[in-house]
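Novice: Structure below; questions to follow.
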Amino acid sequence: MFVARVEADRVRSLTGVVFEPDPGLTVIIGPNGAGKTNLVEAIFFGLTSRSFRTSDRRDLIPFGSAYARCRVTVSGTGVDHMFMASASRSEGSRYTMDGAKIEQAEAAGHRPKVTVFSPDRLELIKGPPAGRRAHIDSFVAARWPGRAGLRSAFGRILAQRNALISRIAAGQADRSGLATWDSQFAEAAEALAGSREKAVAELGERWAAAADELGLEGPKSLTYRPGAATTSEEILKGLEEKLENDLRLGRSSWGPHHDEIRVELDGRQLRRFGSQGQQRLGLLALLFAERSALLETGGGAPLMLLDDVMSELDAHRRERLVERLLEGGQAVITAAEGELIPERGAILRVAIADLLEDSREVAG
Ligand SMILES: Nc1ncnc2c1ncn2[C@@H]1O[C@H](COP(=O)(O)OP(=O)(O)OP(=O)(O)O)[C@@H](O)[C@H]1O
Ligand SMILES: [Mg+2]
């Protein structure tokens, strides 16, 4: 499955922009502020009805306009499907396939999965563990759809237990209610931790191989560091042992909400000691590792949207990245300067200025 056509009717600075990416690699080139990220966001929005930049879809509404809308045609399975996402201040959001309203779960079966790199996402490598946990959980959901609900199930139980802990600490509730929550907590924690462990085991070697291939040199590892025990019996025991401490803190101090997914180069954490370029390669390698895991286990190749991916990479590593992207699957990348992209016949190069020009001609 691949994206054959994108019609960004109105998305941020784009109006009436039509874009037909290559089924392989397309590069969108244009100066700062030209609308490259907006176009990548439009593709993501049209396909998924979400944004990777904001949780408020209304941000996509062009200034002074009433709505945002993008249509994306997906080809490659014999029948084309047209997805449409819109957001409006007065009418909320709409998401359709071939003109009929569609839910996320159903849509996911008819469109490619999407992997996004954007400079903001470097937080995933540089930032605190919560971002890595969330990311691994979304890989779990993509890899084993039956486990998609584990993260939110645990989150709900954790919130309930925390609420009860603070009521007990404040003398507004007694301890008798805890037992039920603790056993639910332990079950949900075991399921979540087990999935993370499995996911990281599947990604570890692939991550190291992809990182090597992209030119991240040195011994490296991606490992799961549980923040608590991983079996429900041990977790339950731990909850009992830590109860006095939890009551003092007013929250649950033990559980998978303290898990870490550790990314190391030369035995040191990439988040603390890696250079900008190394962190960038570490993140790209993670996205490639996920892609190869999904591919090898029968999922289709995800569409890769890589915004501003080349900056901070030297010529040699830019070359390696392009080689990797040309190995298969669809990718759309952006760059401020065409010279940053190695010359290869198979790459479709699109100047954003040309797309904007065409849209003005149609409008005029
Ligand atoms: N809701 C909106 N309506 C209209 N214009 C918007 C909206 N949101 C952002 N913009 C404008 O879009 C432009 C930025 O576009 P974009 O982020 O796609 O640029 P870019 O080509 O990715 O630039 P860079 O190379 O700096 O990353 C800015 O001028 C910004 O003001
Ligand atoms: Mg940009």
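The values are calculated or read from the model by the stated rules, or taken from the named source; none is laboratory data. For clarity, every value in this text was computed on a predicted model and none was experimentally measured. Please note: Cβ atoms are built from the backbone with ideal geometry, for glycine as well, and neighbour counts cover all protein chains shown. In case anyone asks, the SASA skips ligands and DNA or RNA and just uses the protein heavy atoms, side chains included. Shrake-Rupley method; radii C 1.70, N 1.55, O 1.52, S 1.80 Å.
Novice: Scan the range 54-69 and tell me whether some residue there is within 16 Å of ligand 1 (Cβ to nearest atom), closer than 24 Å to VAL140 by Cβ and in contact (Cβ under 8 Å) with a residue 40 or more places away in the chain.
Specialist: Looking through the range 54-69, none of the residues is within 16 Å of ligand 1 (Cβ to nearest atom), closer than 24 Å to VAL140 by Cβ and in contact (Cβ under 8 Å) with a residue 40 or more places away in the chain.
Novice: A further question follows. Can you find, within the range 313-341, the residue that is nearest to ligand 2 (Cβ to nearest atom) among those that are part of a loop (DSSP other than H, G, I, E, B) and surrounded by fewer than 17 Cβ atoms within 10 Å (Cβ to Cβ)? Full working, then the answer.
Specialist: Step one: filter the range 313-341 for residues part of a loop (DSSP other than H, G, I, E, B), giving 313-314, 326-330, 336-337, 341.
Subset that is surrounded by fewer than 17 Cβ atoms within 10 Å (Cβ to Cβ): 314, 326-328, 336-337.
Numbers: ASP314: 21, LEU326: 23, GLU327: 25, GLY328: 26, ALA336: 8, GLU337: 13 Å.
This residue is ALA336.
Novice: Which residues, counting only those in the range 236-266, are within 26 Å of the chain's Cα centre (by Cα) and either without any contact (Cβ under 8 Å) to a residue 24 or more places away in the chain or not in a helix (DSSP H, G or I) (or both)?
Specialist: Scanning the range 236-266 gives GLY255, ASP259, GLU260, ILE261, ARG262, VAL263, GLU264, LEU265.
Novice: Something else about it: Does the range 148-164 contain any residue that is under 29 Å from TRP181 (Cβ atoms), polar (S, T, N, Q) and in contact (Cβ under 8 Å) with a residue 60 or more places away in the chain?
Specialist: Step one: filter the range 148-164 for residues under 29 Å from TRP181 (Cβ atoms), giving 148-164.
Next, from what is left, pick out any that are polar (S, T, N, Q): 152, 160, 162.
Next, only the ones that are in contact (Cβ under 8 Å) with a residue 60 or more places away in the chain stay: 162.
The answer is yes, given that some residue of the range 148-164 is under 29 Å from TRP181 (Cβ atoms), polar (S, T, N, Q) and in contact (Cβ under 8 Å) with a residue 60 or more places away in the chain.
Condition check ((1) away from ligand 1 (no atom under 11 Å from the Cβ); (2) free of Cβ contacts under 8 Å to residues at least 40 places away in the same chain; (3) in a strand (DSSP E or B); (4) surrounded by 18 or more Cβ atoms within 10 Å (Cβ to Cβ)) across all residues:
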position	(1), (2), (3), (4)
PRO21	yes, no, no, yes
ASN38	no, yes, no, yes
PHE52	yes, no, no, yes
VAL72	yes, no, yes, yes
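Novice: Which one of these does ALA134 not meet: (1) surrounded by 19 or more Cβ atoms within 10 Å (Cβ to Cβ); (2) within 23 Å of ARG291 (Cβ to Cβ)?
Specialist: (1)
Novice: In the range 100-125, what count of residues is obtained for those that are within 16 Å of ligand 1 (Cβ to nearest atom) and among the small types (Gly, Ala, Ser)? Break it down stepwise before answering.
Specialist: Initial filter on the range 100-125 (within 16 Å of ligand 1 (Cβ to nearest atom)): 116-122.
After this cut, where a residue has to be among the small types (Gly, Ala, Ser) as well, the list is 118.
Of the residues in that region, 1 qualify.
Novice: Kindly indicate the residue of the range 291-312 that is within 16 Å of ligand 1 (Cβ to nearest atom) and modelled with pLDDT under 90 and also surrounded by the fewest Cβ atoms within 10 Å (Cβ to Cβ) among those meeting that condition. Walk me through how you get there before you give the answer.
Specialist: Let us first name the residues in the range 291-312 that are within 16 Å of ligand 1 (Cβ to nearest atom), namely 305-312.
Narrowing further to those that are modelled with pLDDT under 90: 311-312.
Numbers: SER311: 14, GLU312: 16.
The extreme case among them is SER311.
Novice: Related question: Output the number of residues of the range 74-89 satisfying the condition of being touching a residue at least 24 places away in the same chain (Cβ under 8 Å) and open to solvent by less than 70 Å² (accessible area, probe 1.4 Å). Give the derivation first.
Specialist: Within the range 74-89, the subset touching a residue at least 24 places away in the same chain (Cβ under 8 Å) is 74-77, 80-81, 83-85, 87-89.
Narrowing further to those that are open to solvent by less than 70 Å² (accessible area, probe 1.4 Å): 74-76, 81, 83-85, 87-88.
So the answer is 9.
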